[in-house]
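Here's the structure, in structure tokens; my notes come after.
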Amino acid sequence: MARRDFGVAFGLPEPYTSELQGWRERLGDPNASGIPPHVTLLPPTALPEEALPEVEEHLRAVAASEQPFRMHLRGSASFRPVSPVVFVPLVEGIADCERVESKVRSGPLTREVSFPYHPHVTVAHDLGEAALDRAFESLASYEAVFDVWGFTLFEQDREGVWRPQRDFPFGAGGRPGPLAPPGR
């Protein structure tokens, strides 16, 4: 049975995607080119190909039950010493992310996770202490505010790059949307 790796996340609009992608690249994060800036809803999950129709229907239903909300990212934080990660935390939209994550990670996507859900945008991962310190200090005054319109199903390709497969706009009558919704 062929299995493929999928994840579900909120993407970030421009200019924030390019800004945070640029930070990851400048810091030397080896994941910078393969993982677009995002807020995870479902971490990497191996699924059999035949499960995709049920998974897409599940995601469609979740998205149809939600409405757009405001997300506000501000400052920097870290999971050190537990994990070598520096991230931009949310100061608005946390409860919305928690609600959507709980719905996404149910039904055919029910799975155990290693840590409690904490919505954030990773900017440095698996780097040396000096690079993590630089990321933490450099992004201390970072700020981004935008409306979240829905979420995206991603698949990891053979080169390890996470590629968008389908968008699921909130409240869109339950139909999956195109890869680039209007205004994004």
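Figures for the structure shown
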read-out	value
Highest-fluctuation residue, 135, 144, 32 considered, GNM on the chain with Cα pairs under 10 Å	144
Residues with amide H under 5 Å from that of residue 165, placed H, sequence gap 5 or more	153, 154, 155
Residue exposure sequence - 99, 111 - by fewest surrounding Cβ within 10 Å	111, 99
Amide H partners (placed H, <5 Å) of residue 150, local residues excluded	170
Square roots of five times the Cα gyration tensor eigenvalues for the chain, Å	27, 19, 15
Residue 124 long-range amide H proximity, modeled H, under 5 Å	86
Loop GluC sites (Glu not before Pro), segment 11-59, which have at most 10 other Cβ atoms in a 10 Å radius of their Cβ (DSSP)	none
Per-residue ³J(HN,Hα) for segment 147-160, Karplus 6.51 cos²θ - 1.76 cosθ + 1.60, θ = phi - 60°, Hz, x for Gly and Pro	8, 8, 9, x, 9, 10, 8, 10, 10, 8, 7, 5, 8, x
Semi-axis lengths (Å, descending) of the ellipsoid that matches the C-alpha gyration tensor of segment 1-76	27, 19, 8
For segment 3-169, size of Cβ-based charge dipole, Lys and Arg +1, Asp and Glu -1, in debye	160 debye
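Computed from the coordinates by the stated procedures, all read-outs in this text should not be read as laboratory data. All figures in this text were calculated on a predicted structure; none of them were measured in a lab. So basically every Cβ, Gly included, is an ideal-geometry build from the backbone, and we count neighbours across all protein chains shown.
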